[in-house]
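Bear in mind these aren't lab numbers, they're just calculated from the coordinates by the rules spelled out. If you're wondering where the values come from, they're calculated on a predicted model, not measured in any experiment. As a convention, Cβ positions derive from the backbone with ideal geometry for all residues, glycine included, and neighbour counts pool all protein chains shown.
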């Protein structure tokens, strides 16, 4: 089993394969499932991701506390008009919002890597697929590449907000999605990992401060911005920006930063925007 | 440490939280499979973060759904309170201090009339769970693969007889843990297997001398 990004890139070069193929081989060994069965699981997950990314675009969901009801349709409606960043970016934002809204309303989602950050990877996969006419097969390969990136964080750092703050959830999701976006655009594996590194570096230290302890605010907004951040990071790598810090060292530093965060900023709702006067008023309104 | 890609992109679940919603549903469903009996009342003692934040994460709906046998990806999960009422099952939640190294703990007690049966466990995050006690008998059941739980008298030969029967039925043992409450008292084997276990195997195991009880938890990893 590969232990980090360096291992994975080296194994891929040695075997003349892409990273997703090496990761898929390892998955079949680990789970004792056939390659076809594993692909079937990924394909099902992709369907569930896409369903959750589309579900709230035109239909407002009812969420606990009502903090993020309609965030997806609001952004989606706006995306058709005169926007600052363009229709495409606004569409990607609305896809991420949709997943978060579905998640907060007890709908079906695929955690990637967590439920709180479940909008970022689907939004990037679906957004790029539709805008650039990427074949589904390539999207699945990108999904596996992203999963391998996520596995490296899981093995060497953390993907729990309670342990590492939001950088460990939305940050990791954005990092995974950046690798997927670069892959779909034809980048080689080195560039995919550069993209993953840029995405994490750009949000390193992001705190987890859920208002009223709900997976809603700021989670939904950070899913939207995390998806856009992934596209930006992929474009940085594709343009040829030099990743001076190797991906694995970025992962290590994220873990260390997470440990330096005080508990108040790690999913306890005791700091950040959760304890602003407005945040506390929302808590009081919902829970009395 | 090896990590499955399908755990990184997964689980497929009903939101909003893998630890507080999906894990809660899975823990309660596993408890029900372990109990494997009739009940008209179920009570949930919540410890740690579960006790603090259960309402915001629908932990309560998820626990009731699991007790009714629903999985963490069942879209009826949000209707679990109504479904329980339709089935004539009452439920309640109360805070409970549970000694555990884990943050999200629960004691789930099923009542058939006045007879209680309880399972304690924790949600570990990412939808993973651990059952830590069955009616007071300390154990560790993660229920990621089909699992056989055998309670027996703590005497020589029982474990060997049990493993022989599993082998005869073509069941490969993945991980086996053996423990006991006191020397010569009640012991148990937790056997995690690779294949789904036929209920007939349970009947065969029950006939083994000094075996007190056999429970089969067939939770597939999808």
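Just a few scattered comments:
- In segment A:5-287, Cα pairs under 8 Å separated by at least six residues give a relative contact order of 19 percent.
- Extending 7 Å from the Cα toward the beta-carbon at both residue B:55 and residue A:10 defines two label points whose distance is 5.4 nm.
- GNM result for chain A, Cα springs below 10 Å: residue of A:144, A:201, A:84 fluctuating most strongly: A:84
- Likely footprinting exposure, B:32, B:180, A:37, fewest C-beta neighbours within 10 Å first: A:37, B:180, B:32
- Gaussian network model of chain B, Cα within-10 Å springs - most flexible of B:51, B:67, B:200: B:200
- For segment A:5-287, the Rg and Dmax computed from alpha carbons only, in angstrom: 18.1, 59
- Between residue A:78 and residue A:47, full extension at 0.36 nm per residue minus the direct alpha carbon distance yields a gain of 8.6 nm.
- Geometric extent, Cα atoms of segment A:129-273 - Rg, Dmax (angstrom): 14.9, 45
- Springs join every pair of Cα atoms under 10 Å in this Gaussian network model of chain B, and among B:53, B:105, B:182 the largest mean-square fluctuation is at B:182.
- Nearest-ten-degree value, helix A:136-156 long axis tilted from longest Cα axis of chain A: 80
- Our note on the geometry: Cα centres of segment A:73-96 and segment B:16-63, 38 Å apart.
- Per residue, chain B reaches -7000 deg cm²/dmol at 222 nm when only DSSP H runs of four or more residues are counted, each adding -39500 (n - 2.57).
- Degrees, to the nearest 10: A:35-55 long Cα axis against longest axis of chain A: 30
- In degrees, nearest ten, helix A:170-184 long axis to first principal axis of chain A (Cα): 40
- The Cα-based radius of gyration and maximum Cα-Cα distance (Dmax) for segment A:125-200 are 12.4, 38 Å.
- Note on residue A:264 and residue B:97: the model spin-label points, each 7 Å out from Cα along the C-beta direction, lie 2.8 nm apart.
- Normalised by the number of residues in segment B:11-141, the mean separation of alpha-carbon contacts (under 8 Å, six or more apart) gives a relative contact order of 33 percent.
- Helical runs (DSSP H, four residues minimum) scored at -39500 (n - 2.57) apiece and divided by the length of chain A put the mean residue ellipticity at 222 nm at -20500 deg cm²/dmol.
- The modelled label-to-label distance between residue A:275 and residue A:249, using points 7 Å beyond Cα along the C-beta direction, is 3.5 nm.
- For the protein assembly as shown, the antiparallel share of DSSP beta bridges with both residues in that region comes to about 90%.
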